[in-house]
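Chemist: Following this message is one structure expressed as structure tokens.
The values are calculated or read from the model by the stated rules, or taken from the named source; none is laboratory data. Just so you know, these numbers come straight off a predicted model, no measurement behind them. A quick note on method: Cβ atoms are made from the backbone with ideal geometry, for glycine too, and the neighbour counts reach across all protein chains shown.
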Amino acid sequence: MCEKQGRLRILVVDDEQKQRQILKILLNSEGYEVRTADSVETALERMAEKEPDIVITDLRMEGQDGIALLEQTKRKYPNCKVILLTGYGSIENAVEAMKKGAWFYFVKGKGPEELLAELRKLQNAYLSKQNGKRLQEENRNYMLDTKNEELRKIFRIVERAAKSSANILILGESGVGKEVFANYIHQLSRPDRKFLAVNCHALSDSLMESELFGHEKGAFTGAIGTYKGRFEAAEDGTLFLDEIGDIPRNVQSKLLRTLETRTIERVGSTQSIPVDFRLISATNVDLEQAMKDGDFRSDLYYRLCTITIVLPPLRERKEDLPELIRFFLKKYGAEQEKEMKEPDAEVGDALLAYNYKGNIRELKNVIERLVVLSEDGTVSLEDLPDQFFEKKMPVKESFGGSSLKEVRMQAEKELILEVLQMQQCKTKETAEHLGISERQLFNKLKEYEIDLKKLKMKQKEKSKPPVERVV
Ligand SMILES: Nc1ncnc2c1ncn2[C@@H]1O[C@H](COP(=O)(O)OP(=O)(O)OP(=O)(O)O)[C@@H](O)[C@H]1O
């Protein structure tokens, strides 16, 4: 297979030069990678240089004929398909060749449509085999097996829903794997297309409309060129709208129209552009409450949730913890070239007993930390983060007179500041490290009045090289 383009590699074998050229031009114009040979001997040399996916050979040739090439190809390159070209007079021989393993025969002089249709079938079969492989590989990055009956049911629903283009709404706490799940659905339904994830929370209200629907040049100050929004960019693929609850009302109306008409209008234009996409949305906010509060349109909600799935938090599927722990140990062990051993009973118990408020994201971070700190492939209890050892202390001693809430807030603020500093104020990395979503982090920054800009400036100041002293 021509790897760059995912296109079939074809070898055309014919002792008539004109015939070879016609086929080469025709097949090239269809995008296949084509080489030619004028005899069986040359064909075998070409095949030894680079194995083709398909050999198209004339049946009757000077010297060795197409049947001889068929036999040798089947022996040496069993995956390679052979298509025979035959005249009306030798159809019987071609039928005989089919019995010997030829894929198909094509009668010379007929229009090329039949041959091209057969090649397209082979091309599609190849692509779906590739997609199957890709799906397997994708899934190796995630641990999607589950012993949890609730989640198994969800998988069964999703696998059926993936075959349609129904809108899917994924609910669940932060870190349960909503995006991972959305990607899985995409792989089941439109694997050869794009998967575009948009975090609505990360987009300001003013940017969101043009980000999703695009804009025309001059539509607003700063629109210096035409911009294709995410719906157009998805190009028949899957659009994953994360934190859908954060979409402002005006964009909600536009989104609803798009779902109803399957068209979009770029900002600054009234022209309707047809778009095809699968929509998967997700949120960890209570959309029903948002509807009651008037923050979310109910007609849009009912459009989004043709199929709704609620992913359980990790604490409600603890039966999956041992496999997930093994999975992440192996993953991070491989990344850091460490042969990780199973945790001993003490660490194992601690890992199983813990509550993982940040769900799989938190578990993943904890295991990564254990692997980083491990020196000989064993994971050690003392390397678990502090939250694993939170103990009830005598009230006075622990709180020094402050309320529990105040102490918790103070501790949380300090931790956030520490991690922000460690991650050079990068919010995505900080949130990952803390086992919360970026959105939750922003909420906490607001709550604790942490000024990210000021913090960044301070860090910049600190990292400036010291002024050289001229003595
Ligand atoms: N089944 C899984 N196997 C391996 N890793 C997973 C799995 N599920 C989630 N993760 C990892 O956990 C992290 C959180 O997953 P994801 O972003 O899908 O969660 P989410 O529910 O969309 O979170 P949020 O609501 O905060 O956006 C990611 O780093 C992801 O790779």
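Chemist: Based on what the data block shows, is residue 403 of a type outside the set (Val, Ile, Thr), at pLDDT 90 or above, over 27 Å from residue 180 (Cα atoms) and away from the ligand (no atom under 16 Å from the Cβ)?
Modeler: no
Chemist: Considering only residues that are more than 38 Å from the chain's Cα centre (by Cα) and either among the hydrophobic types (A, V, I, L, M, F, W, C) or buried (at least 21 other Cβ atoms within 10 Å of the Cβ) (or both), look in the stretch 5-35 and name the one that is farthest from residue 85 (Cα to Cα).
Modeler: Within the stretch 5-35, the match that is farthest from residue 85 (Cα to Cα) is 22.
Chemist: Right, next: Can you tell which of 288, 319 is of a type in the set (D, E, K, R) and either under 18 Å from residue 168 (Cβ atoms) or in contact with a strand residue (DSSP E or B) (Cβ under 7 Å, 6 or more places away or on another chain) (or both)? Let's see the steps before the verdict.
Modeler: Working: 319 fails: either under 18 Å from residue 168 (Cβ atoms) or in contact with a strand residue (DSSP E or B) (Cβ under 7 Å, 6 or more places away or on another chain) (or both).
One residue alone meets the criteria, 288.
Chemist: Separate question: Any idea how many residues of the stretch 409-449 are assigned to a helix (DSSP H, G or I), of a type in the set (A, V, I, L, M), within 21 Å of residue 367 (Cα to Cα) and within 15 Å of the ligand (Cβ to nearest atom)?
Modeler: 2
Chemist: Of all residues in the stretch 262-275, how many are more than 27 Å from the chain's Cα centre (by Cα) and of a type in the set (Val, Ile, Thr)?
Modeler: Final tally of qualifying residues: 2.
Chemist: Considering only the stretch 351-380, state which residues are more than 12 Å from the ligand (Cβ to nearest atom) and of a type in the set (Phe, Trp, Tyr).
Modeler: Of everything in the stretch 351-380, just one residue is more than 12 Å from the ligand (Cβ to nearest atom) and of a type in the set (Phe, Trp, Tyr), namely 354.
Chemist: Separate question: Output the number of residues of the stretch 190-224 satisfying the condition of being small (Gly, Ala, Ser) and closer than 23 Å to residue 162 by Cβ. Break it down stepwise before answering.
Modeler: Step one: list which residues in the stretch 190-224 are small (Gly, Ala, Ser), which gives 197, 202, 204, 206, 210, 214, 218-219, 222-223.
Now drop any that are not closer than 23 Å to residue 162 by Cβ, which leaves 197.
Qualifying residue count for the region: 1.
Chemist: Now, a different point. Is one or more of the residues making up the stretch 56-67 β-branched (Val, Ile, Thr), crowded, with 17+ Cβ neighbours inside 10 Å and farther than 15 Å from residue 122 by Cα?
Modeler: Yes, that holds for at least one residue.
Chemist: I need the full set of residues from the stretch 140-198 which are among the acidic types (Asp, Glu) and not in a helix (DSSP H, G or I), in order please.
Modeler: Of everything in the stretch 140-198, those that are among the acidic types (Asp, Glu) and not in a helix (DSSP H, G or I) turn out to be 145, 173, 192.
Chemist: For the stretch 175-198, name all the residues that are within 9 Å of the ligand (Cβ to nearest atom) and at pLDDT below 90.
Modeler: Passing the criteria: none in range.
Chemist: Taking helices (runs of 4 or more DSSP H) that do not extend beyond the stretch 261-354, which have at least 3 residues that are over 28 Å from residue 231 (Cα atoms) and among the aromatic types (Phe, Trp, Tyr)?
Modeler: 321-335
Chemist: For the stretch 194-229: of the residues being among the charged types (D, E, K, R) and closer than 17 Å to residue 271 by Cβ, which is surrounded by the most Cβ atoms within 10 Å (Cβ to Cβ)?
Modeler: Within the stretch 194-229, the match that is surrounded by the most Cβ atoms within 10 Å (Cβ to Cβ) is 209.
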